[in-house]
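Asker: Next up is a structure, given as structure tokens.
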Amino acid sequence: MVPKTLKKFSMMLAGVAGAMTIASAIEAADFSGQRIEWIVPFKEGGGSDRWARFYAPLLSEALPGNPVVVVKNVPGGGSTKGANQFAMRAKPDGLQILGTSGSTQFPYLLGDKRVRYDYKDWNVVLASATGGVFYVNPELGVKSAKDITKLRGQSLKYGSQGATSLDLIPLLSLKMLDIDVKAIFGMKGRGAGRLAFERGEVNVDYQTSTGYLKKSLPLVEEGKAIPLMSWGALNENGDVVRDPTFPDLPSFPEVYEMVHGKKPSGEAWDAWKAFFTAGFPGQKMVFLPKGTPQDIIDTYTEAFKKVVTAPDFAQKAEMTLGTYPQSTGAQATKVKDVAINVSKAAQNYVRDWLTEAYNVKF
């Protein structure tokens, strides 16, 4: 039997040891004098780029030691180039992080042959929900979603990052509305697609909320673009409802009902909703590479938590990110799980459609 005094002493030692362990962890994750690279696998100017550049200085302030956080754009392959490089080269020391988008998730989900990364290897420390807005050139004669069928029979062009990117949502949406559009592939980000729209090389476009609020909304205000719909947002019941950032725009399911006189259903709808759910509630995520020590993961998690719970965060974020959940910790892990798990039926439908429509080989 251990005497009470000895028990007390043992508990004190355990407490001291625990405190030392915590102190060591904090010291190991101190980034004083360091430079952190935030890899964005897209060109400058798009939604992911603006999202990262919004967060970078806030993360710098929140991390221990206030390291410099710089955004490094590595475009190519519909974002697979930058993600592949991160998977192969990033060291588990917390000095390189990756910001992904739905355009990074979708090729992974669809088995795109360019993918050399596995989301299951990465440690998520932030998950940002977002939305998207579809808009057109006013010369097409469409003033609102109510007359979207006027787009039928017109020569429509859309600048795309690739058939397996997040662009499959607008392309599938238009297919479901019986509107033909020619996809011009090879864009190195949605920012490049927007610039093509501004130059008149394409006449329909879509941007995630971040890019739309900063770069496309001015076009709308100048009368150079007509917004028709948002994709929508998921409510607590898992239903697609109006996007809270764009409450005046109908969601895609509403527009579908306007066009067809009934709510969406069937294989195409099931696939659309599955990929929308994978691509937008957790569209943008920040990852640390495989093998990163837990103390570094915890430090990043706490830093992002500090950022998103700051009293002035919502006000700062509104005109850059919109009004969407920003998740850290266990909630971010749940979001990641939803984002990288899509039913086989939905995957097969989309793969068959992409092969038939765009000759994509899997």
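Asker: Which count do you get for residues in the range 175-190 that are open to solvent by less than 60 Å² (accessible area, probe 1.4 Å) and in contact with a strand residue (DSSP E or B) (Cβ under 6 Å, 6 or more places away or on another chain)?
Answerer: 5
Asker: Taking the options K182, K175, K224, name whichever one is in contact with a Lys or Arg (Cβ under 6 Å, 6 or more places away or on another chain) and charged (D, E, K, R).
Answerer: It is K182.
Asker: Would you point out the residue of the range 317-326, among those that are open to solvent by less than 90 Å² (accessible area, probe 1.4 Å) and of a type outside the set (S, T, N, Q), that is farthest from the chain's Cα centre (by Cα)? Walk me through how you get there before you give the answer.
Answerer: Going residue by residue through the range 317-326, those that are open to solvent by less than 90 Å² (accessible area, probe 1.4 Å) are 317, 320-326.
Now restrict to residues that are of a type outside the set (S, T, N, Q): 317, 321-322, 324-325.
Details: A317: 15, L321: 11, G322: 13, Y324: 12, P325: 12 Å.
Here the answer is A317.
Asker: Name the one entry in L63, L95 that is open to solvent by less than 30 Å² (accessible area, probe 1.4 Å) and not assigned by TED's automatic domain parsing to the domain that holds Y256.
Answerer: Working: L95 fails: open to solvent by less than 30 Å² (accessible area, probe 1.4 Å).
None of the other options fit; the residue is L63.
Asker: Given (1) surrounded by fewer than 17 Cβ atoms within 10 Å (Cβ to Cβ); (2) modelled with pLDDT under 95; (3) in the same structural domain as K113 (by TED's automatic domain parsing), where does F362 come up short, assuming only one miss?
Answerer: With (1) surrounded by fewer than 17 Cβ atoms within 10 Å (Cβ to Cβ); (2) modelled with pLDDT under 95; (3) in the same structural domain as K113 (by TED's automatic domain parsing) applied to F362, the lone miss is (3).
Asker: Now for a separate question. Could you list, ordered by first residue, the pairs with Cβ atoms under 9 Å in which the first is in the range 191-202 and farther than 10 Å from G46 by Cα and open to solvent by less than 20 Å² (accessible area, probe 1.4 Å) and the second is of a type in the set (A, V, I, L, M) and at pLDDT below 95, at least 6 apart or interchain?
Answerer: Correct list of pairs: A196/M187.
Asker: OK, next. Which one is surrounded by the fewest Cβ atoms within 10 Å (Cβ to Cβ), of the residues in the range 30-46 that are under 14 Å from L195 (Cβ atoms) and either of a type in the set (F, W, Y) or at pLDDT 90 or above (or both)?
Answerer: Filtering first and then ranking leaves E44.
Asker: Output the residues belonging to the range 278-293 that are of a type outside the set (S, T, N, Q) and within 19 Å of I169 (Cα to Cα).
Answerer: Kept after step one, since they are of a type outside the set (S, T, N, Q), are these residues of the range 278-293: 278-282, 284-291, 293.
Passing the criteria: A278, G279, F280, P281, G282, K284, M285.
Asker: Is it the case that some residue within the range 251-267 is of a type in the set (G, A, S) and in contact (Cβ under 8 Å) with a residue 40 or more places away in the chain?
Answerer: No, because not a single residue in the range 251-267 is of a type in the set (G, A, S) and in contact (Cβ under 8 Å) with a residue 40 or more places away in the chain.
Asker: So, in the range 327-341, of the ones that are surrounded by fewer than 21 Cβ atoms within 10 Å (Cβ to Cβ) and in contact with a helix residue (DSSP H, G or I) (Cβ under 9 Å, 6 or more places away or on another chain), which residue ends up modelled with the highest pLDDT?
Answerer: G329
The values are calculated or read from the model by the stated rules, or taken from the named source; none is laboratory data. The structure displayed is predicted, hence computed values, not measured ones. Ideal geometry is used to build each Cβ from the backbone, glycine not excepted, and the neighbour counts take in all protein chains shown. The protein model used for the area step is the full one, side chains on, heavy atoms only, and it has no ligands, DNA or RNA in it. Shrake-Rupley method; radii C 1.70, N 1.55, O 1.52, S 1.80 Å.
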